[in-house]
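Asker: Before I ask anything, here is the structure I am working with.
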Amino acid sequence: MKKPSSEQLDAFGKELDTLRVQALADLGQRDADHIRSMIRVQRYAEIGGRGLLFFGFNPIAWAFGVMLLALSKILNNMEIGHNIMHGQYDWMNDPNIHSQRFDWDNVCDPDSWRKTHNFEHHAYTNIIGLDRDFGYGAFRMTEDIPWEPRHRYQLAFYGVMAVLFQWGVGLHDLEAERIRSGEITRESKQPVWQAFVKRAKRHLLKDYIIFPLLAGPGFLAVFLGNFAANTLRNVWASAVIFCGHFTDDVHTFQPEDCSHESRGQWYYRQILGSSNIAGSHVFHLLTGHLSHQIEHHLFPDIPAHRYAELGPQVEAICLRYGIPYNTGSFANQYLSVLRRLMRYSTPPQSLPLKA
């Protein structure tokens, strides 16, 4: 793939800037109605799910309860929480859905999320050493990251991480890999640890003690139902996020290659560092529209439900400038992620194999 010239990237950036300005100028009632309707659906799904877990006296009712509660948690985290905390609805001046005030049903502290995701990841997307979301300090996804013996098992570790995804995200801002290397001290991360412990206690108390106890003789059914719903949310969220960031065709960058970027160069990096997932309207809602990861990385502050409209325009612009637009089915993108995990789990041929 030949990189466009600086002049072409400047023109490319201006076209994308125009799309962004047009979308922001058009924000209004349609967007407010969308987020408020999603909040209502999420709340009804939680009430219905918890109700069925409480009063469902057969396996079918229990299973429906789990699915509704999982749906509630998925919408809360992805279509609602993630997008609100990006500031997509700050223009509404509603304190309940403002990026700096919103809280979600997740052990990850919102302040930590805004730091590691909104700032570090979106500013330094796929720049090795600066974007800590690329591999999360746990996975080797590029030859630019030195191989370690633990990487042999990263495919299996991914399976564990998928089940416990919210816990991994909650611990991400502790920067354990930097503590191990001596770059930072454990003491410097005490405020982050304390915030995590506080949220973890609240989550465990709510889903695994209070609600099960309220169910009386149905304690075990509610306990297991809450665990199943949390697990479904975690596995789904991890799959969507990995498909948006770690497919075969996603590029990585070195810090020196990204210094003094123009706007067009920044857009170019965002597109090469992202992947989309094709799907239906309902599928996109369930992903929080992160199935449009390219558009999200380009326009993180535009309400995500608009990405489906912007996508064809972005793809057409990319085609004109010879820039690849990576999209595919969920199955193909997910298999691509697994291939990448496996490829970089083995040591480079120049390294001797260690027992």
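Asker: Arg101: more than 13 Å from the chain's Cα centre (by Cα) and over 28 Å from Ile35 (Cα atoms), yes or no?
Answerer: no
Asker: Moving on. Which of the residues belonging to the range 240-272 are closer than 28 Å to Asn332 by Cβ, part of a loop (DSSP other than H, G, I, E, B) and in contact with a helix residue (DSSP H, G or I) (Cβ under 7 Å, 6 or more places away or on another chain)?
Answerer: Phe246, Thr247, Asp248, His251 - these are the residues of the range 240-272 that are closer than 28 Å to Asn332 by Cβ, part of a loop (DSSP other than H, G, I, E, B) and in contact with a helix residue (DSSP H, G or I) (Cβ under 7 Å, 6 or more places away or on another chain).
Asker: Okay, next question. Among the helices (runs of 4 or more DSSP H) contained in the range 1-94, which hold 3 or more residues that are among the aliphatic types (A, V, I, L, M), touching a residue at least 24 places away in the same chain (Cβ under 8 Å) and under 21 Å from Pro212 (Cβ atoms)?
Answerer: In the range 1-94, the matching helices (runs of 4 or more DSSP H) lie at 59-74.
Asker: The conditions are (1) over 17 Å from the mean Cα position of the chain (by Cα); (2) within 27 Å of Tyr153 (Cβ to Cβ), and Val337 fails exactly one of them. Which is it?
Answerer: (1)
Asker: Suppose the filter is out of contact with any Leu (no Cβ under 7 Å at 6 or more places or on another chain), in contact (Cβ under 8 Å) with a residue 24 or more places away in the chain, surrounded by fewer than 19 Cβ atoms within 10 Å (Cβ to Cβ) and part of a helix (DSSP H, G or I); does Arg114 pass it?
Answerer: yes
Asker: Here's a check for you: in the range 248-263, which residue that is closer than 17 Å to Ile145 by Cβ and not hydrophobic (A, V, I, L, M, F, W, C) is surrounded by the fewest Cβ atoms within 10 Å (Cβ to Cβ)?
Answerer: Glu256
Asker: Name the single residue that is modelled with the highest pLDDT among those in the range 58-113 being under 14 Å from Ala237 (Cβ atoms) and of a type in the set (Phe, Trp, Tyr).
Answerer: Trp104
Asker: Name every residue in the range 153-201 that is among the acidic types (Asp, Glu) and within 17 Å of Arg140 (Cβ to Cβ), in order of residue number.
Answerer: Glu177
Asker: If you scan the range 209-228, which residues turn out to be without any contact (Cβ under 8 Å) to a residue 24 or more places away in the chain and small (Gly, Ala, Ser)?
Answerer: Gly216, the sole residue that qualifies.
Asker: Against the conditions (1) without any contact (Cβ under 8 Å) to a residue 24 or more places away in the chain; (2) touching an Asp or Glu at 6+ places or on another chain (Cβ under 7 Å), where does Ser259 fall short? Just the number, please.
Answerer: Ser259 satisfies all of (1) without any contact (Cβ under 8 Å) to a residue 24 or more places away in the chain; (2) touching an Asp or Glu at 6+ places or on another chain (Cβ under 7 Å) except (2).
Asker: Let me ask something else about it. Has the range 147-160 got any residue that is at pLDDT below 90, under 20 Å from Ile128 (Cβ atoms) and of a type in the set (A, V, I, L, M, F, W, C)?
Answerer: no
The values are calculated or read from the model by the stated rules, or taken from the named source; none is laboratory data. The model shown is predicted, which means the values in this text are computed figures rather than measured ones. Note: ideal-geometry Cβ built from the backbone for every residue, glycine included; neighbour counts use all protein chains shown.
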